[in-house]
1. Rounded to a whole number, what is D in µm²/s for the stretch 36-105 from Stokes-Einstein with the Kirkwood radius over alpha-carbon pairs (25 °C, 0.890 mPa s)?
2. Per-residue counts of other Cβ atoms within 10 Å, averaged by peptide: what ranking do you get for 95-104, 79-88, highest first?
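Derivation of every value follows stated rules applied to the coordinates shown; laboratory data play no part. Owing to the predicted nature of the structure, the values given are computational and were not obtained by experimental measurement. Methodologically, a virtual Cβ is constructed for each residue, glycine included, from the backbone with ideal geometry; neighbour enumeration extends over all protein chains shown.
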Amino acid sequence: MKIIAFAAFAALVPLVAAGATPSKVSVTMPGDLSFAFKPGPGSQAATTYCLICHSSAYVSTQPPLDRAHWDAEVTKMRKAFGATIPDKDAAEIVDYLTASYGKAP
């Protein structure tokens, strides 16, 4: 831990010596990182509970799944990972994901 802290400090010394200050440092993020679920019944529940843990990039790149798989995914999030999704909202999320991001029948 001491080595990591020293390495971080050592990396900052040349920046400070060169006159870098927070007002002179800028970061450019690539592209538009915003994400919104497709509108529809259940989109608010999905936004509320899914985007708490998952990045927008992760959510937006999931493959289309059938109802059984979406149900299994939501159940896994609740039981294995401790997502605090109430039963009513879990069912609504499964319905929404199936309708909006499900496999075509």
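1. 205
2. 95-104, 79-88
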